[in-house]
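Trainee: Quick one: this structure, given as structure tokens, is what I'll be asking you about.
The values are calculated or read from the model by the stated rules, or taken from the named source; none is laboratory data. Here the structure is a predicted model, which means the values were calculated and not measured. Note: ideal-geometry Cβ built from the backbone for every residue, glycine included; neighbour counts use all protein chains shown. Note: accessible area is taken over every heavy atom of the protein model, side chains too, but ligands, DNA and RNA are not part of it. Shrake-Rupley method; radii C 1.70, N 1.55, O 1.52, S 1.80 Å.
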Amino acid sequence: MFFRVTLAVLVSAYAVADGVYLKNGDHLSGQLTSMDEGTVHLKTDYAGELCIQRASVLGVETDAPMALQLTDGSVVEAVAGFRANTFLVDGEPCAWESIAAIAATVDAFPGAEGSEEKGEAKKEEEKAKRWSGSVDMGLSLRTGNTDKSDVTFSGTTARKGAHDTLTLNFTSAYGEAEDVLNTRRMKGDIKWQVYPRERLYLFVTTSAERDDGRKLDLRTQWGGGVGYDFIENEKRNLSADIGANFTYERWEPFTPWERTKVKDERRLNALSRLASYTPGTSRIQSLRDFINILLDIRNPLRNDETTTEEFGSLSLTGEYEQQVFKDSTLSEKMVLLPNLEEMGEFRFNNELAFTTPISEALNLRMNLKSEYDSMADDKGVDAWDNTLLTTLNYKF
């Protein structure tokens with residue numbers, strides 16, 4: 001008797017496992033019965049039959065296969081799903097707008113263009129569109145009393161699967177003033193998120209960067225952790241994660257402009273030594289001195305060594321995106337990286353961006369980046385680095 005009651009409860013729960021996700025962030029559970037061009041019909045135990053406007057729906061999920069009619073007229077039987085703000089068909093991302101109607105069986109669409117072949121072709125087309133991203137580029141030129149040029153380039157791309165997301169980012173900047181290098185920055189990172197449960201994700205990440213202006217020759221990091229998508233809808237997104245990293249750093253003794261100045265001074269000094277060079281009584285020592293002078297002329301910085309550091313650190317990251325006005329967005333990403341081996345040492349990065357459309361794919365993007373390193377004084381550079389950029393942003 002107990003087994004029958006338990007089975008009945010499980011079957012009842014199974015039968016109402018469908019759901020509708022709304023654009024305002026709400027989630028309605030029940031039994032999806034059908035969907036037409038303007039209305040989604042959901043049968044519930046708590047409110048009876050609900051008729052929901054299609055325009056308010058982000059996507060649906062079904063516990064069992066249902067008949068989905070696509071906008072090209074084809075019909076497929078598939079399980080619909082919804083995760084990470086993405087509508088899925090049989091576990092693959094699909095455009096919600098490509099679904100014209102939903103019914104319990106294929107028989108509800110008599111005369112539909114058949115089409116398992118078309119359905120499969122549509123799924124392959126949607127699968128091919130899983131990659132998305134954007135590219136930013138800015139250019140500044142000045143000639144006259146001061147010749148100066150600055151170029152910035154960055155790109156991001158992401159691939160969303162049924163239960164994971166892979167994100168790749170790259171940023172770079174290059175600048176010269178009076179033919180002297182004053183800016184050279186490059187950074188790339190990869191982050192792979194796996195969702196064992198809806199909104200909860202595990203991640204692994206790796207990154208590499210170089211910033212000559214801060215005397216950073218190379219910094220690499222490897223790590224992983226856990227995160228959660230707290231808000232995920234059409235108008236706003238909020239996520240945060242915590243992880244642990246291993247960091248390797250290699251530091252140069254000079255900034256680009258310091259390097260140029262020191263190189264010139266040492267080369268002039270070596271030329272002066274060569275002009276006044278007089279062989280000593282020891283032929284071997286005299287030869288050594290002469291060779292050292294020539295080497296100093298060729299490479300005045302040959303005796304300056306880089307320093308390296310290796311340590312573990314925490315990674316605390318928060319990301320927020322908010323739709324403002326009609327089509328513009330305001331986003332912010334904050335990263336705190338405290339050193340686990342030296343209390344009081346930490347780095348903090350913050351990126352605030354406002355993006356507004358110019359055309360369907362082209363946007364104007366204003367970006368304020370701030371970086372802080374508590375150990376900057378020990379390296380002879382400023383603790384804060386602030387960069388304000390205006391770039392053209394192309395989305396694909």
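Trainee: Filter region 148-205 for residues that are outside any strand (DSSP E or B), open to solvent by 40 Å² or more (accessible area, probe 1.4 Å) and farther than 27 Å from R259 by Cβ and give the result. Show your work before the answer.
Mentor: Filtering region 148-205 down to residues outside any strand (DSSP E or B) leaves 161-163, 178-179, 198-199.
Remaining after also requiring open to solvent by 40 Å² or more (accessible area, probe 1.4 Å): 163, 178-179, 198-199.
If the condition is that a residue be outside any strand (DSSP E or B), open to solvent by 40 Å² or more (accessible area, probe 1.4 Å) and farther than 27 Å from R259 by Cβ, then H163, E198, R199 are the ones that fit.
Trainee: Determine which member of the set V324, V381 is among the aliphatic types (A, V, I, L, M), over 30 Å from T308 (Cα atoms) and open to solvent by less than 60 Å² (accessible area, probe 1.4 Å).
Mentor: On the way: V381 fails: over 30 Å from T308 (Cα atoms).
One residue alone meets the criteria, V324.
Trainee: Separate question: How do the strands (runs of 3 or more DSSP E) wholly within region 22-79 filter down when requiring 2 or more residues that are polar (S, T, N, Q) and open to solvent by less than 70 Å² (accessible area, probe 1.4 Å): which remain? Show your work before the answer.
Mentor: Values: elements: 27-35, 39-44, 48-53, 57-61, 66-70, 75-78.
By residue number, 27-35, 39-44.
Trainee: Could you list all residues from region 246-276 that are part of a strand (DSSP E or B) and open to solvent by less than 20 Å² (accessible area, probe 1.4 Å)? Walk me through how you get there before you give the answer.
Mentor: Going through region 246-276, the residues part of a strand (DSSP E or B) turn out to be 246-251.
If the condition is that a residue be part of a strand (DSSP E or B) and open to solvent by less than 20 Å² (accessible area, probe 1.4 Å), then T247, E249, W251 are the ones that fit.
Trainee: Further question: I'm trying to understand the selection: among the residues of region 131-147, which are surrounded by 15 or more Cβ atoms within 10 Å (Cβ to Cβ) and either within 27 Å of D179 (Cα to Cα) or free of Cβ contacts under 8 Å to residues at least 60 places away in the same chain (or both)? Let's see the steps before the verdict.
Mentor: Residues of region 131-147 that are surrounded by 15 or more Cβ atoms within 10 Å (Cβ to Cβ), as a first pass: 133-136, 138.
Matches in region 131-147: D136, G138.
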